[in-house]
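**Q** One structure is given below, represented as structure tokens, and several questions about it will come after.
The values are calculated or read from the model by the stated rules, or taken from the named source; none is laboratory data. A quick note: this is a predicted structure, and the numbers were derived from the prediction, not measured. Note that each Cβ is placed from the backbone with ideal geometry, even for glycine, and that neighbours are counted across all protein chains shown. To get the accessible areas, we keep the full protein, side chains included, count just its heavy atoms, and leave off ligands, DNA and RNA. Shrake-Rupley method; radii C 1.70, N 1.55, O 1.52, S 1.80 Å.
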Amino acid sequence: MNLFAKLKQREQEGTPIKVGLIGGGKFGTMFLSQVTRLPGIHVVGIADLFPSAVQSNLELVGWPKNAYSAANLEEAVNKRTTHVTDDWRSLVEQPEIEIIIEATGNPMAAVEHCLGAFHHNKHVINVTVEADAFCGYGLAIKAKEAGVIYSMAYGDQPALACELVDWARASGFKVVAAGRGHKWLPHYRHSTPDTVWDHWGLTAEQAKRGRLNPKMFNAFLDGSKPAIESAAIANGTGLDVPANGLLFPPGSVDDIPTLMRPKEEGGVLDRAGMVEVVSCLTLDGQQIPNDIRKGVWVCIEADTDYHKNCFEEYKVVTDPSGRYMVNHKRWHLIGLELAISVASVGLRGEATGFATSFRADVVAIAKRNLSAGEMLDGEGGYTVSGGLRPASISVENRYLPLGLAHNVVLKNAVQEGQAVKWDDVDIDTTTAAYKLRKEIEPQYV
């Protein structure tokens, strides 16, 4: 509870945490809008394929031009300014930089960036949860072998959910379920970048003003991102996932203790110890008051009469039995909260969540009937969406991970609603992402 005090101390000592940011899009820009308000953190460099877009975003969030006009990284270090470049390797190779923030949103590139950072003794905060979902456990192993820290990004829902699970367990409670909220109706599974704003609740003008990427936001709407983030939560906490994908039961915050019980007790779970997502819409599309759409939650159990009585005495909202209750964080602020990860990693040497196992996977599910020869376009696109599955089932059935379903050509037709398999695609087996994924699969073969 003293991160800010420790940041101020680093500032006073003249030894700020030196950071390199790869990816200057929405998440990165939100972080950059906050970091100038904080002591003890120095963004030495920002790498992006489109440096002019990064400079435009820096101007948008109020950075003075001289703050990001360093001609190179050495000048940025010496003058405490920032260098904008298109060369990510220069960031991971810069000896003064301590932490790399991977925020490209491109899972294939993210794996390469993370491994490159580990090789150069850099800690990594991985915003690109799409990569974490299909090989986060492998990245965590590689980081440990290199003697550095690999961390989820605080502000994103997986890290916040892992924090709630840790709170519950460190307090002595049994965790029955954990997860996030979402806006969900079954037909959203077929949404494309052309229809996303109609369902999301924004106009095209609002989306343009916010410089929002329709493909990225469609990944939230079509169920891909909830599956991805649920996989990250499961792999970071050791909780299990539903065998046939997320159920998205509708409910308010106060409904969660009743919903998130095992089926034999009136809930929706196959058993205790699961990850799930709660929808803010009724099945007929009506908004549910006091929803958890933008937040995260953990459901715990009073497994003794004493604890049950404590819930009653302190007026905790529970299920009808009085045994189950929920704690939650109703909002997540994405990149606006990312400095918590920077401070935690840089000052405490502690990740804000990371994959401790490979329990869950996100597989590519056909949005429509797909023909041989078609090109898959990954999460949020026109061809596939993400379905959450236990890793054991995914590996056994040779399902293609969603994170590797971008710019690959189908060799076989796949029917709507069916999972794409490795044998259905012509995939490049030389990439770092493919190789790392294959390293972690043998535990299930």
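**Q** From the phi of every residue in the range 203-209, what ³J(HN,Hα) in whole Hz does the Karplus formula 6.51 cos²θ - 1.76 cosθ + 1.60 yield, where θ is phi - 60° and glycine or proline is x?
**A** Karplus values, whole Hz, x for Gly and Pro: 7, 4, 5, 5, 5, 5, 4.
**Q** Considering Cα pairs under 8 angstrom that are at least six residues apart, work out the relative contact order of the chain and quote it in whole percent.
**A** Details: 1041 pairs, mean separation 76.7, N = 445.
RCO, the chain: 17 percent.
**Q** Averaging sequence separations of C-alpha pairs under 8 Å and six or more residues apart, then dividing by the length of the range 95-224, give the relative contact order as a whole percent.
**A** Values: 138 pairs, mean separation 21.2, N = 130.
Across the range 95-224, relative contact order equals 16 percent.
**Q** In whole Hz and in residue order, list the ³J(HN,Hα) couplings for the range 292-307 that follow from phi through the Karplus curve 6.51 cos²θ - 1.76 cosθ + 1.60, θ = phi - 60°; x for Gly and Pro.
**A** For the range 292-307, the Karplus curve yields 10, 3, 9, x, 9, 8, 9, 9, 10, 10, 8, 9, 10, 4, 4, 5 Hz.
**Q** So, one more: Under a cut-off of 28 Å between alpha-carbon atoms, report the lysines in cross-link reach of residue 18, not counting same-chain residues fewer than 8 places apart.
**A** Filter leaves 6, 8, 26, 65, 79, 122, 142, 144.
**Q** Hey, what did the range 182-246 get for relative contact order, percent, Cα under 8 Å, at least 6 apart? Walk me through the numbers before you get to the answer.
**A** Values: 40 pairs, mean separation 22.3, N = 65.
Over the range 182-246, the number comes to 34 percent.
**Q** Now for a separate question. Taking the dipole about the Cα centre of the chain, with the C-beta of Lys and Arg at +1 and of Asp and Glu at -1, give me whichever of 29, 77, 436 is farthest to the positive side.
**A** The Cα lying farthest towards the positive end belongs to 77.
**Q** Further question: Can you send over the solvent-accessible area of residue 97, 1.4 Å probe, protein chains only, in Å² to the nearest 10?
**A** 0 Å²
**Q** Quick check: at a probe of 1.4 Å, how many percent of the accessible area of the range 228-300 sits on carbon and sulfur atoms?
**A** Values: 1140 of 2390 Å².
It is 48 percent, rounded to a whole number.
**Q** Which whole number in µm²/s is D for the range 360-444 by Stokes-Einstein, with the Kirkwood Rh taken over Cα pairs at 20 °C and 1.002 mPa s?
**A** On the way: Rh = 12.6 Å.
In µm²/s, the coefficient rounds to 170.
**Q** Also, quick follow-up: Taking the Cα centre as origin and putting +1 on Lys and Arg beta-carbons and -1 on Asp and Glu beta-carbons, what dipole magnitude results for the range 360-444, to the nearest 20 debye?
**A** Numbers: 9 positive and 12 negative charges, 17 e Å.
Computed about the Cα centre, the dipole is about 80 debye.
**Q** With +1 on the Cβ of every Lys and Arg and -1 on the Cβ of every Asp and Glu, and nothing else charged, how large is the dipole of the chain about its Cα centre, in debye rounded to the nearest 20? Could the numbers behind the result be given before it?
**A** Values: 44 positive and 53 negative charges, 131 e Å.
The dipole of the chain has a size of about 640 debye.
**Q** OK, next. With the dipole of the chain worked out from charges on the C-beta (+1 for Lys and Arg, -1 for Asp and Glu) around the Cα centre, which of 3, 114, 164 lies farthest toward the positive end?
**A** Comparing the listed Cα positions along the dipole, 3 ranks first.
**Q** Could you give the distance between the Cα centres of the range 173-196 and the range 51-69, to the whole Å?
**A** 34 Å
**Q** Right, something else. Label-point separation (nm) for residue 171 and residue 413, each offset 7 Å from Cα along Cα-to-Cβ?
**A** Once both label points are built, they end up 5.4 nm from each other.
**Q** Please give the per residue accessible area of the chain, computed with a probe of 1.4 Å over protein heavy atoms only, in Å².
**A** Numbers: 18770 Å² over 445 residues.
Heavy-atom SASA per residue in the chain reads 42 Å².
**Q** Magnitude of the Cβ-charge dipole of the range 136-282, K/R +1 and D/E -1, about the Cα centre, nearest 20 debye? Mind showing how you got there, number by number?
**A** Details: 15 positive and 16 negative charges, 68 e Å.
The calculated dipole for the range 136-282 is roughly 320 debye.
**Q** Which order do 307, 83 take by accessible area at a 1.4 Å probe, largest first? Don't skip to the answer; put the middle values down first.
**A** Numbers: 307 75, 83 30 Å².
The residues order as 307, 83, largest area first.
**Q** How much length is gained if the chain between residue 286 and residue 263 is pulled fully straight, taking 0.36 nm per residue apart and subtracting their Cα-Cα distance, in nm to one decimal? Numbers along the way, then the final one.
**A** Numbers: separation 23, 0.36 × 23 = 8.28 nm, distance 2.50 nm.
Residue separation times 0.36 nm, minus the Cα-Cα distance, leaves 5.8 nm.
**Q** Subtract the Cα-Cα distance of residue 56 and residue 195 from 0.36 nm times their separation in residues, and report this length gain in nm to one decimal. Walk me through the numbers on the way to the answer.
**A** Working: separation 139, 0.36 × 139 = 50.04 nm, distance 2.74 nm.
Length difference between fully extended and current span is 47.3 nm.
**Q** In addition: May I ask you to derive the FRET efficiency for residue 72 and residue 303 from their Cβ-Cβ distance with R0 = 56 Å, giving the value to the nearest 0.05?
**A** Numbers: r = 59 Å, r/R0 = 1.06.
Between residue 72 and residue 303 the formula returns 0.40.
**Q** Counting only chymotrypsin sites (Phe, Trp or Tyr not before Pro) that sit in a DSSP loop (anything but H, G, I, E, B) with at most 14 other Cβ atoms within 10 Å, what is the longest stretch of the chain containing none of them? Let's see the in-between values first.
**A** Values: sites that count: 314, 331.
Here the longest run is 1-313.
**Q** For Rg and Dmax of the Cα atoms in Å, pick the label among (1) 25.3, 86; (2) 23.3, 85; (3) 21.7, 66 that corresponds to the value derived from the coordinates.
**A** The value matching this structure is (3).
**Q** Moving on. Can you list the residues, at least 5 places off or on another chain, whose amide H is less than 5 Å from the amide H of residue 149, using H built in the peptide plane?
**A** Under 5 Å from the amide H of residue 149: 123, 124.
**Q** Summarise the accessible area of the range 1-123 (1.4 Å probe, protein heavy atoms) by the percent that is carbon and sulfur.
**A** 49 percent
**Q** Which of 258, 431, 128 moves the most in a Gaussian network model of the chain with Cα springs under 10 Å?
**A** In this elastic network of the chain, the residue with the biggest mean-square fluctuation among 258, 431, 128 is 431.
**Q** Tell me the accessible surface of residue 112 in square angstrom (1.4 angstrom probe, heavy atoms of protein chains only), to the nearest ten.
**A** 80 Å²
**Q** Once the Cβ-Cβ distance between residue 8 and residue 350 is put in as r, and R0 is 25 Å, what FRET efficiency do you end up with, to the nearest 0.05? Write out the running numbers ahead of the final one.
**A** Values: r = 19 Å, r/R0 = 0.75.
My answer for the efficiency is 0.85.
**Q** Next question, about the same structure. Only Cα pairs within less than 10 Å get springs; with that Gaussian network setup on the chain, which residue of 291, 305, 156 has the largest fluctuation?
**A** Most flexible of the set in this elastic network: 305.
**Q** Taking all protein chains in place and a 1.4 Å probe, what share, in percent, of the accessible surface of the range 360-444 do carbon and sulfur account for? Before the final figure, lay out the partial values.
**A** Details: 1510 of 3440 Å².
Answer for the range 360-444 is 44 percent, counting heavy atoms of protein chains only.
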